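K.L.:
Below you'll find the structure I mean.
None of the figures in this text is laboratory data; all of them are computed from the coordinates on show. What you are looking at is a predicted structure, and each value in this text was computed from that prediction instead of being measured. Here the Cβ positions follow ideal geometry from the backbone for every residue, glycine too, while neighbour counts run over all protein chains shown.
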Amino acid sequence: MGVLAFLKGKFQKKQPDQYDRGLSKSRASFGDKLAELAKRYKTVNSDYFEELEQILVEADVGVALSLRLIEKLLDKSKKEKINDPSAINEELIDMMFVDYVSKGEDIENEIRFAKGGPTVLLVVGVNGVGKTTTIAKLAYRYGKRGKKCMFVAADTFRAGAVEQLKVWASRLEVPIVCGKAAADPASVAYDGALYAKEHGIDLCIVDTAGRLQNKSALMDELVKTKRVLSRAIPGAPHETFLVVDATTGQNGVEQASAFKDCTDLSGVVITKMDGTSKGGIILSIRDEIGVPVRFIGLGEKMDDLEEFDLDKYLHGLLLGGSK
Ligand code: GDP
């Protein structure tokens with residue numbers, strides 16, 4: 001059974017959920033266009049494949065991955081004499097699925113908690129991508145599950161960032177450790193980790209500055225922050241998440257690859273999926289930097305953060321609005 005048939009069966013009776021709603025713009029520019037294309041052609045030809053490639057690139061699947069998929073499709077179509085446009089589209093979905101899974105889909109997307117002590121999550125990303133909101137959403141998510149969360153405002157460069165995090169800390173009633181303005185971010189991170197240890201915190205979320213303009217300074221800062229964290233709590237940081245704004249398209253992919261050069265990432269959080277028609281960015285990031293997407297932001301509310309689920313994502317991208 002192909003992936004499309006599998007998804008139809010799996011989500012047969014379900015009402016549209018957050019994925020389906022949040023991906024409606026992407027579905028209009030990807031799933032709906034694929035279906036429309038298949039209706040317009042009786043059999044596939046070079047024009048068909050050209051249009052298909054265009055749809056993939058416009059959905060931000062990324063040029064490299066789009067070309068690879070089209071080449072494989074052409075090959076399969078020739079070898080197995082598949083000429084029916086709908087069958088080709090189904091092959092495409094299978095290939096997108098297999099391509100993602102082959103990079104290790106067995107990964108647990110929820111935060112992996114350390115045993116016997118605080119779990120430290122370092123969050124990186126440039127300003128405006130939704131980093132603070134994502135930090136708040138994560139604390140809300142795990143707070144609801146009974147985990148004691150806290151924030152560390154180690155983005156000491158921007159006074160606004162510290163203030164914003166303080167507002168979230170008070171709304172969510174979680175403790176926050178801040179340094180003085182322009183304090184060494186690593187020293188604030190260290191104080192935060194000690195606080196977490198002394199107060200029985202389960203999840204200590206450290207906000208960092210994301211100034212990509214100066215890559216070597218950023219790298220030095222992250223190396224130092226990680227070193228002091230591990231001195232305070234062995235094994236810390238247990239997770240390092242990069243936050244990427246889906247609406248920035250290929251720019252976001254470039255940011256991801258620049259951060260990957262600066263530090264080891266254990267996951268990516270893609271925000272503002274609800275505001276973009278370019279939902280293919282998830283496949284593109286995974287393809288180009290090899291780091292799994294762990295969560296996606298599908299709105300501005302606290303519970304608009306979902307664990308990334310490939311089946312739900314593909315369903316939302318292709319079928320979510322249809323019955
Ligand atoms: P930061 O500068 O990276 O910390 O960004 P903020 O957390 O302040 O977010 C910037 C804006 O993006 C705010 O208006 C957020 O409400 C909005 N935002 C964050 N995540 C999402 C999301 O998943 N969907 C939508 N629609 N907006 C989001």
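K.L.:
So what's the angle, to the nearest 10 degrees on a 0 to 90 scale, between helix 85-101 and the longest Cα principal axis of the chain?
P.N.:
30 degrees
K.L.:
Arg68 versus Arg227, label points 7 Å from Cα toward the beta carbon: distance in nm?
P.N.:
Using points 7 Å along Cα→Cβ, the separation is 3.6 nm.
K.L.:
Running a GNM on the chain with Cα contacts under 10 Å, which residue among Gly297, Gly160, Gly116 ends up with the highest mean-square fluctuation?
P.N.:
Gly116
K.L.:
With both bridge residues required to lie in the range 208-323, what share of the DSSP beta bridges run antiparallel, to the nearest 5%?
P.N.:
Details: 3 of 11 bridges.
Around 25 percent antiparallel, to the nearest 5.
K.L.:
Also, quick follow-up: Taking amide H positions as placed in the peptide plane 1.01 Å from N, state which residues far from Thr240 in sequence (5 or more) or on other chains have amide H under 5 Å from it.
P.N.:
Under 5 Å from the amide H of Thr240 lie the amide H atoms of Leu122, Ser266, Gly267, each far enough along the sequence or on another chain.
K.L.:
Hey, another quick one. If I stretch the segment between Lys78 and Ala159 completely, what's the gain in nm (0.36 nm per residue apart, minus their alpha carbon distance), one decimal? Write out the running numbers ahead of the final one.
P.N.:
Working: separation 81, 0.36 × 81 = 29.16 nm, distance 5.97 nm.
Result: 23.2 nm gained on full extension.
K.L.:
Report the far tail of the P(r) of the range 38-132, meaning the percent of Cα-Cα pairs longer than 22 Å. Please report the intermediate quantities before stating the final value.
P.N.:
Values: 2205 of 4465 pairs.
When all Cα pairs of the range 38-132 are counted, 49 percent exceed 22 Å.
K.L.:
What does DSSP give for the chain in terms of the percent of beta bridges that are antiparallel, rounded to the nearest 5?
P.N.:
Working: 3 of 28 bridges.
Restricted to the chain, the bridges split so that about 10 percent are antiparallel.
K.L.:
Compute the long axis of helix 46-58 from its Cα atoms, compare it with the longest principal axis of the Cα atoms of the chain, and write down the angle in degrees, 0 to 90, nearest 10.
P.N.:
20 degrees
K.L.:
Convert each backbone phi in the range 247-258 into a coupling constant with the Karplus relation 6.51 cos²θ - 1.76 cosθ + 1.60 (shift: θ = phi - 60°), then list the ³J(HN,Hα) values in order as whole Hz, x for Gly and Pro.
P.N.:
Using θ = phi - 60°, the values come out as 6, 8, x, 5, 4, x, 5, 5, 4, 4, 6, 5 Hz.
K.L.:
Using alpha-carbon pairs under 8 Å, 6+ residues apart, how would you state the relative contact order of the chain in percent?
P.N.:
On the way: 571 pairs, mean separation 88.0, N = 323.
Relative CO of the chain lands at 27 percent.
K.L.:
While we're looking at this one, here's another question. Helix-derived [θ] at 222 nm for the chain: sum -39500 (n - 2.57) over DSSP H runs of at least 4, divide by residue count, nearest 500?
P.N.:
On the way: 14 runs with 167 residues, N = 323.
One gets -16000 deg cm²/dmol as the mean residue ellipticity at 222 nm.
K.L.:
On to the next question. Among 175-181, 78-84, 59-65, 203-209, how do they line up from the highest to the lowest mean number of other beta-carbon atoms within 10 Å? Spell out each step's value before the answer.
P.N.:
On the way: 175-181: 17.0, 78-84: 11.1, 59-65: 21.0, 203-209: 28.1.
The most tightly packed comes first, giving 203-209, 59-65, 175-181, 78-84.
K.L.:
Another question about this same structure. Please list, in order along the range 191-204, the HN-Hα scalar couplings obtained from phi with the Karplus expression 6.51 cos²θ - 1.76 cosθ + 1.60 (θ = phi - 60°), rounded to whole Hz, x for Gly and Pro.
P.N.:
Those phi angles translate into 4, x, 5, 5, 4, 4, 5, 6, 10, x, 6, 8, 10, 10 Hz.
K.L.:
Can you list the residues, at least 5 places off or on another chain, whose amide H is less than 5 Å from the amide H of Val293, using H built in the peptide plane?
P.N.:
Counting only residues 5 or more places away or on other chains, the set is Val268.
K.L.:
Over 18 Å between Cα atoms: which of Lys14/Lys312; Lys278/Lys312; Lys148/Lys197; Lys131/Lys272; Lys13/Lys301 fall into that group?
P.N.:
Numbers: Lys14/Lys312 11 Å; Lys278/Lys312 16 Å; Lys148/Lys197 12 Å; Lys131/Lys272 11 Å; Lys13/Lys301 26 Å.
Exceeds cut-off: Lys13/Lys301.
K.L.:
Can you work out ³J(HN,Hα) from phi for every residue in the range 180-186, in order, using Karplus 6.51 cos²θ - 1.76 cosθ + 1.60 and θ = phi - 60°, giving whole Hz and x for Gly and Pro?
P.N.:
6, 3, 6, 5, 5, x, 5
K.L.:
Under a 5 Å amide H to amide H cut-off, with H placed in plane at 1.01 Å, what residues pair with Ala114 once short-range neighbours are removed?
P.N.:
Here Thr119 satisfy the definition.
K.L.:
Using alpha carbons only, how many degrees (0 to 90, rounded to 10) separate the axis of helix 131-144 from the longest principal axis of the chain?
P.N.:
80 degrees
K.L.:
Would you mind classifying the chain by shape? Square roots of the alpha carbon gyration tensor eigenvalues, ordered a ≥ b ≥ c; an a/c under 1.5 is rounded, otherwise it is prolate if a/b is larger than b/c and oblate if not.
P.N.:
Details: a/c = 2.48, a/b = 2.07, b/c = 1.20.
Taking the square roots of the gyration eigenvalues as a ≥ b ≥ c, the chain is prolate.
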